[in-house]
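The values are calculated or read from the model by the stated rules, or taken from the named source; none is laboratory data. Model, not experiment: these values are computed from the prediction. Positions of Cβ are generated from backbone atoms using ideal geometry, with glycine treated the same way; all protein chains shown enter the neighbour counts. All accessible areas refer to the heavy atoms of the entire protein, side chains included, with ligands and DNA or RNA removed. Shrake-Rupley method; radii C 1.70, N 1.55, O 1.52, S 1.80 Å.
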Amino acid sequence: MTAGNGRRVGSPYAPHTDADEEAMLDAVGVDSAEDLFDIPDEVRFDGEFGVDSADEQELRNAMADLFSRNEELTEFLGRGHHAHYVPALVDDLSRRSEFLTSYTQYQPEIAQGFLQVLFEYQSMLVELTGLPVANCSMYDAATALAEAALLANRLRRGASGHRVLVPEHLHEGRLGVLENYLDGAAMEIGEYPMTDGAVDVDALADLVDDETVMVYAETPTVRGVIEERLADIGDLAHDNDALFCLGSDLVALALLEEPASVGADVVVGEAGALGLGTAYGMGLGIFATREEYLRQVPGRLVGVSEDSADMRAFTLTLQTREQHIRKERATSNICTNQAWVALRTAMHMAWLGPDRLVDLAERAVTDARDLAARLDELSGVKAPLYDRHHFREFVVRTDQPAPAITNDLAGRGFAVHALTDHHLQVCITDANADAADGLVAAFEEVI
Amino acid sequence: MNFDQARFSRDDEYEPLLSEKDSTTVEVDSEGVLPDDLTRDELTLPALSEPQLARHYTRLSQMNYSVELGPYPLGSCTMKYNPSFTEDVAADPNAGVHPDRSDRTIQGTLGLLHGLQEYLADIGGMDAVTLQPPAGAAGEFTGILVAKAYHESRGDDRSEIIIPSSAHGTNFASAAMAGYDVVELPSDDDGRVDMEALDAAVSEETAALMLTNPNTLGLFERDIVDIAELVHDAGGLLYYDGANLNALLGRARPGDMGFDIMHYNVHKTFATPHGGGGPGAGPVGVVDELAEFLPSPMVRETAAGYEQYEPESSIGKVHGFAGNWLVLVKAYAYIARLGDAGLADASAKAVLNANYLASQIDLEVPYGPFHHEFAATSGERDAADVAKRMLDYGVHPPTTKWPELVSQAMLTEPTEVEDKASLDDLAHAFNAAYADSDEALETAPSKTSARRIDQVSAARNPRLSWRALGDDE
Amino acid sequence: MFEIPDDRKYLESHEWTTTEGDAVRIGISDFAQDELGDVVFVELPAEGDELAAGEEFGVVESIKAVSDLYAPISGTVTAVNEELFDAPELLNDDPYGDGWMLEVEPADESEFDDLLSPEEYREQTE
């Protein structure tokens, strides 16, 4: 179909010529494609959506205009969602259409490239966590945590209760997702207190019991605190036959205690801190665990095999865990996942290599410490609030109302999060560190 | 068409692993940064230069098939062309903001989300849409949680979800995750919902019926109005699995058919790239009565601009933040580019392509009339083997051995993006593979990077990281 | 034709049990292993666990399918064929011999009467 000016009025991505269309209709034996729709009249839609088609250039301009309505602020925001500088190599190679426009590797012989990338991603997570099994992605840290709790519950069907213990300082998104996932399994959530930003291990000891199927702790916490007693928390969980689930992120894992060495049974968290950027909260969920829980792992796993030419080859494996085979008894309903984000994250990790990855993690400690110290010098400001080691971010107490301060800072080009009436949270990474001087100066002006 | 996929190999391996190119162990000595007992001892990862990495990943990309290389008619997956410009739009630096930004400072982001909520509501005939679910299965789970919250708000405790046996596996898993018992519904002789069986299955325990329409055989459920009435009369809700929406754009809307809840697979219908397995997005639309239960936050337009809000009886969160933002941007761009006429044309061509392809293949298609996809049967021949042989003809084969209603099924969805010549190539691949000798089928493929891969040894002896390879050698 | 030895009894769901001798053994039939294809994983109860006739006692998996295992009779597990965990292919190679799954101390020998005879099972699989 063409309009008077010769421009097609149909989909610009349907390539049929009029002659082709006619030949195809002939072959099928109908006069019009409309005759192929077997839809009863009573449910036919004769209306319009009211969306005019747009040409590519005008649409790109319109969308650029739309996004320009976002204020250009330098973000010192974190709370569990972080962005580091993403090298050009990641954008360039991840956008190769061979990767981007493929799908799940149901035919592994023709999809070795992506399978190898995912295998390498899994392998790097194994190196970072010390746990031998990592899947090739969950949606984000919140859903990964929820899946870990479901796994713990399946493993402990005989337990007298079905409680998951989580820290008092937990991101509201993670808590909310956890609540929704646990509801259907008749599980419950208990919260344990924190002291000065870290786990109150004595209080946790009083709470963990034989009704507990999993104890969850994070390092760094959502407030940026590096947890110092992970091994004790792990012991408490294990003494009560509960799983110990540790939440972290890839950069922190490069520096902080290896999860396997502190007794973690499952590691979850956010991997999108490498390779993705802020992306309005889009994520990449880490899921790693012990070998003995392999059959209970949610999501896709890539394994090694051989092909008929006796060459090493990769394939999706252990698919009987998954929904397309096990249906209502699957370990999870996940199908489409975050594979392409995992590819970007793997590329970013590989680009950094071990030296620069550890350096990046060390900077997350020292930059946060330095920035907190500079803010602490200002009158009416205490930073960090907690007398702890921090990773990337920290809480600031202000004498003046925090919401007013964030408002004023926004007016000076900086985005900082107001946690409560007198608490702010500030996050620094290599992506915004060059603006730290400006932030300190702006702070001085607005308090 | 002749085809040879790239194959980089050495000895008994294809492209070496990163870890085989380099493995560097650094000692973590963070003196002055953190106390020793808070840090790990060492870290082992590959340390490679950027040129080495560029070559590694480019080679791997060449050992991967994709929509831009050729037809990819995986049934139920809607592997259509992903317009290049949508990638550029999503990469706009102004589009990448942190989720903790205040509403006032991200009017562009919220404006796009609001616009997409509206587009999708119109396209599905729904009243309100959440964009938060990060995939189709997450959308199903969200929709079932909404149904549960609705029933509970009325003091109505229901325990069952009815699902046709031919439905996507995610339906069953999502219903079970939400705590429901699954009641499986057999199909009738013509491949559609068996009305008698449905009548017997529906009861006061029925929380919802999950249905795909057209169903997984590509058939429109002609009795949809009666189905809706039956379920509604029993107090249940109707859930629409949007995986096959590409068949209906501009011709029928789930909302008009009586569905109360639906999810959209934007990576299928709205052309966002599948990314080797994701990310997708699974927005959920509902009718007015259910809008108060949608996840938080939603976006609305006020006199002062766009703002986020929590629906009155919200189920809460299904993703840590706002879902898969980059995917949503691309979906918005696709819908805005095509408009009404383009969307309607996409469905017309998708349905024409499926019907034309079916008319050109020698395999029987037992059920019809079908729309955007069809389930052919390879009869006496093993569908998985036929599929492997099709690879040698330079096309991706269909989904095999599913749905189980058709024995040796080859579920085929060419989408609207193939032209006649390409469909003819695809038909040739079907017919040639189908007619090939047993030996040719069993030894296929040979033109792909890897030859037939042994699935059994992969599962019997799982080796899931490069560390596990070391154990063997 | 699938092998259906005469010295044991069968369930419609394709498990077999021996009925005489020192130890009563349980496994799956030749027909079942063929339907499944290459078995890659077996999950069985532990020694000392109780079986209830007609109830699930384990799982057997191939690449593309999962099957529950049902107990032909009630009783206590006295031995488990642990070789299956490392070599699940024994189920394909020798379902009535080395591919046995459990040895059981029967709780109620009259339950044998409720099972299919080889002839009845043969009819079912034809």
Checklist entry - GNM, chain A, Cα, under 10 Å: largest mean-square fluctuation among A:HIS82, A:HIS390, A:HIS16? => result A:HIS16
Checklist outcome for this item: Reported to the nearest 10 Å², B:MET298 has, with a 1.4 Å probe, an accessible area equal to 10
Next on the checklist: Normalised radius of gyration for the range A:95-235, please: alpha carbon Rg relative to 2.2 N^0.38 Å, two decimal places.
Outcome noted: 1.26
Item to check | Reciprocal mean inverse distance between Cα atoms of the range B:84-337 - Kirkwood radius, Å | outcome: 18.4
Item to check | Gyration tensor over alpha-carbon atoms, the range B:338-458, equivalent ellipsoid semi-axes in Å | outcome: 27, 16, 13
Next on the checklist: Taking 28 Å as the cut-off for C-alpha to C-alpha distance, list the pairs among B:LYS330/B:LYS401; B:LYS268/B:LYS388; A:LYS382/B:LYS317; A:LYS327/B:LYS447; B:LYS80/B:LYS388 that go past it.
Outcome noted: B:LYS330/B:LYS401; A:LYS382/B:LYS317; A:LYS327/B:LYS447
Checklist entry - Heavy-atom accessible area of B:ASP362 with all protein chains present, probe 1.4 Å, nearest 10 Å²? => result 100
Next on the checklist: What number does the range C:12-120 give for Rg over Rh if you use C-alpha atoms and the Kirkwood radius?
Outcome noted: 0.93
Item to check | Per-residue mean of C-beta atoms belonging to partner chains within 10 Å, peptide B:43-51 | outcome: 6
Item to check | Computed FRET value (nearest 0.05) for A:ASP18 with B:ASP190, which takes r as the C-beta separation and R₀ as 51 Å | outcome: 0.90
Checklist entry - Which FRET efficiency value, to the nearest 0.05, do you get for B:ARG222 and C:ASP114 by plugging their Cβ-Cβ distance into 1/(1 + (r/R0)^6) with R0 = 41 Å? => result 0.35
Item to check | the range B:90-202 - convex hull of alpha carbons, volume per residue in Å³ | outcome: 171
Item to check | By accessible area with a 1.4 Å probe, ligands and nucleic acids excluded, highest first: order of B:ARG460, B:ARG10, A:ARG69 | outcome: B:ARG10, A:ARG69, B:ARG460
Next on the checklist: Only four residue types carry charge here, +1 at the Cβ of Lys and Arg and -1 at the Cβ of Asp and Glu. Report the dipole size of chain B about the Cα centre in Debye, rounded to the nearest 20.
Outcome noted: 1280
Checklist outcome for this item: Averaged over residues of B:347-359, the number of beta carbons from other chains lying within 10 Å of each residue's Cβ is 6
Checklist entry - Under a point spin-label approximation (7 Å from Cα along Cα-to-Cβ), what is the A:GLU42-C:ASP22 distance to one decimal in nm? => result 7.2
Checklist entry - Where in the range B:1-107 are there GluC sites (Glu not before Pro) that are in a DSSP coil and have at most 12 other Cβ atoms within 10 angstrom of their Cβ? => result B:GLU31
Item to check | chain A: C-alpha gyration tensor shape, a/c 1.5 cut-off, then a/b vs b/c | outcome: oblate
Item to check | Per residue, the convex hull volume that the Cα atoms of the range A:398-447 enclose (Å³) | outcome: 61
Checklist entry - For chain B, what does the alpha-carbon gyration tensor say about shape, rounded, prolate or oblate, given a ≥ b ≥ c as the root eigenvalues, a/c under 1.5 as rounded, and a/b over b/c as prolate? => result oblate
Item to check | Candidates A:LEU128, A:LEU165, A:LEU318, ranked by Gaussian network fluctuation over chain A, Cα under 10 Å, top entry | outcome: A:LEU318
Next on the checklist: Under a crude label model (7 Å from the Cα following the beta-carbon direction), how far is B:GLU364 from B:SER203 in nanometres?
Outcome noted: 3.8
Item to check | Label-point separation in nm, A:ASP239 to C:GLU126, each point 7 Å along Cα→Cβ | outcome: 6.7
Checklist outcome for this item: Taking chain A and counting helices only, DSSP H stretches of n ≥ 4 at -39,500 (n - 2.57) each over all residues, the nearest-500 ellipticity at 222 nm comes to -11500 deg cm²/dmol
Next on the checklist: Once R0 is set to 41 Å, what does the formula 1/(1 + (r/R0)^6) return for the Cβ-Cβ distance between A:ARG157 and C:ASP93, expressed as a FRET efficiency to the nearest 0.05?
Outcome noted: 0.80
Next on the checklist: In the range C:21-59, whose amide N lies under 20 Å from the spot 7 Å out along Cα-to-Cβ of C:ALA107? List them in ranges.
Outcome noted: C:23-27, C:44-59
Item to check | Global form of the range A:88-346, assessed from the alpha-carbon gyration tensor, a/c cut-off 1.5 | outcome: prolate
Item to check | Accessible heavy-atom area order of C:GLU105, A:GLU48, highest first, probe of 1.4 Å | outcome: A:GLU48, C:GLU105
Next on the checklist: Output needed: percent of Cα pairs per 10 Å distance bin for the protein assembly as shown, bins running from 0 to the one holding the longest distance.
Outcome noted: 2, 11, 20, 24, 22, 13, 6, 2, 0, 0
